[in-house]
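The structure under discussion appears below in the form of structure tokens.
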Amino acid sequence: MTSTLTATDFEARDHVHNVVEASGTSFLQGMRLLPEERREGMYAVYAFCREIDDVADEPAPVADKMTRLREWRREIDRVYDGKPQTLTGRALLPIVRDYGLDRADFLALIDGMEMDAVEDIRAPSIARLELYCDRVAGAVGRLSIRIFGATEPQAVSVARHLGQALQLTNILRDLAEDAEHGRLYLPEELLAANGVKTREPREVLRHPGLGAVCAEIAARARQHYRAAGDAMRKCARGPMRPARAMGAIYRAYLDGLERRGWAKLDEKVRLSKLRKLWIAFRYGLF
């Protein structure tokens with residue numbers, strides 16, 4: 001399969017490349033494992049995710065954020081009608097066609113951004129947290145597996161479990177940053193069970209029960225990593241290489257977070273470029 005993007009819209013391609021490269025995303029190593037035409041597809045999807053996420057995170061009135069997200073909904077409709085108006089929409093146009101991407105997954109991503117934009121999420125229920133993770137990460141997984149070329153029914157399970165695992169890892173990694181923005185993604189049930197009564201984000205991060213809550217979230221993430229791995233083993237190996245690499249990188253982040261502990265959240269956990277390259281090299285070969 002050869003995407004029409006590279007033949008018809010270099011401006012759109014360059015735009016999504018710039019968005020991805022500027023982001024410094026850990027997903028970049030996994031994307032680089034893909035053949036060129038599939039890699040272009042992932043760049044377009046990631047640029048879309050980055051741009052709507054920026055809308056949700058910007059310091060602007062809620063009404064303005066919702067207006068811009070509604071415009072992205074209209075842009076997705078225009079993509080599926082063959083008439084996109086943005087550079088990212090133009091980059092998505094041939095990808096949607098070539099890989100049969102589901103419009104509902106793009107809209108689910110916008111739904112997730114609206115959850116962040118409408119109010120600062122604080123101690124959601126476990127069910128609401130799972131819905132949020134599915135929208136902002138599971139939907140990306142469902143789009144990705146089509147671009148990767150996975151066709152087995154189990155690939156949908158990979159997307160679901162890996163999306164939950166990656167997003168839970170992100171939540172643990174970004175506790176301090178989210179608290180600065182008034183957000184707290186740790187679920188209500190786990191906070192209550194561990195004696196954390198306050199729901200003010202900064203106070204929660206100083207509470208003695210924080211470590212137990214984070215340990216439970218980490219355990220949930222590891223369950224999802226294992227379930228994703230089980231589903232991957234039922235799929236063809238080639239299309240799953242990027243998913244395996246992404247999972248390995250984020251499990252390494254989770255390992256580092258657990259080693260650091262939850263008392264010094266200002267100490268960033270980072271993976272060296274060499275470690276990331278080693279993971280990409282390993283999953284590129286096998």
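The values are calculated or read from the model by the stated rules, or taken from the named source; none is laboratory data. Note that the structure is a prediction, hence the values are computed from the model and not measured. Backbone-built Cβ (ideal geometry, glycine too); neighbour counts: all protein chains shown.
A few remarks follow.
- Enumeration of residues in segment 47-82 that are touching a helix residue (DSSP H, G or I) at 6+ places or on another chain (Cβ under 9 Å) and either more than 28 Å from His181 (Cβ to Cβ) or in contact (Cβ under 8 Å) with a residue 60 or more places away in the chain (or both): Phe48, Cys49, Ile52, Asp53, Val55, Ala56, Asp57, Asp77, Arg78, Val79, Tyr80, Gly82
- Qualifying residue in segment 186-196 (condition: at pLDDT below 95, part of a helix (DSSP H, G or I) and either assigned by TED's automatic domain parsing to the domain that holds Ser125 or touching a helix residue (DSSP H, G or I) at 6+ places or on another chain (Cβ under 6 Å) (or both)): no
- Candidates in segment 99-121 are the residues that are out of contact with any Gly (no Cβ under 8 Å at 6 or more places or on another chain), among the acidic types (Asp, Glu) and more than 22 Å from Gly149 (Cβ to Cβ); of these, the one that is surrounded by the most Cβ atoms within 10 Å (Cβ to Cβ) is Asp116.
- Tally of residues being in a helix (DSSP H, G or I) and surrounded by fewer than 18 Cβ atoms within 10 Å (Cβ to Cβ) across segment 52-67: 8
- Yes/no for Tyr132 being in contact with a helix residue (DSSP H, G or I) (Cβ under 6 Å, 6 or more places away or on another chain) and surrounded by fewer than 20 Cβ atoms within 10 Å (Cβ to Cβ): no
- Qualifying helices (runs of 4 or more DSSP H) (wholly inside segment 1-41; at least 3 residues being at pLDDT below 80): 5-8, 27-31
- Among helices (runs of 4 or more DSSP H) entirely within segment 81-153, having at least 2 residues that are within 16 Å of the chain's Cα centre (by Cα) and at pLDDT 95 or above singles out 103-118, 126-133, 139-148.
- If you check Val156, Val140 for being hydrophobic (A, V, I, L, M, F, W, C) and either crowded, with 20+ Cβ neighbours inside 10 Å or touching a strand residue (DSSP E or B) at 6+ places or on another chain (Cβ under 7 Å) (or both), only one passes: Val140.
- Hits in segment 177-190 - residues which are hydrophobic (A, V, I, L, M, F, W, C) and closer than 15 Å to Ala127 by Cβ: Leu186, Leu190
- Within segment 215-233, one or more residues are modelled with pLDDT of 95 or more and farther than 24 Å from Ser157 by Cβ.
- Single residue of Ala193, Ala165, Ala179 found to be more than 26 Å from Asp266 (Cβ to Cβ) and either without any contact (Cβ under 8 Å) to a residue 40 or more places away in the chain or surrounded by 19 or more Cβ atoms within 10 Å (Cβ to Cβ) (or both): Ala193
- Enumeration of residues in segment 113-165 that are farther than 23 Å from Asp230 by Cβ and small (Gly, Ala, Ser): Ala117, Ala123, Ser125, Ala127
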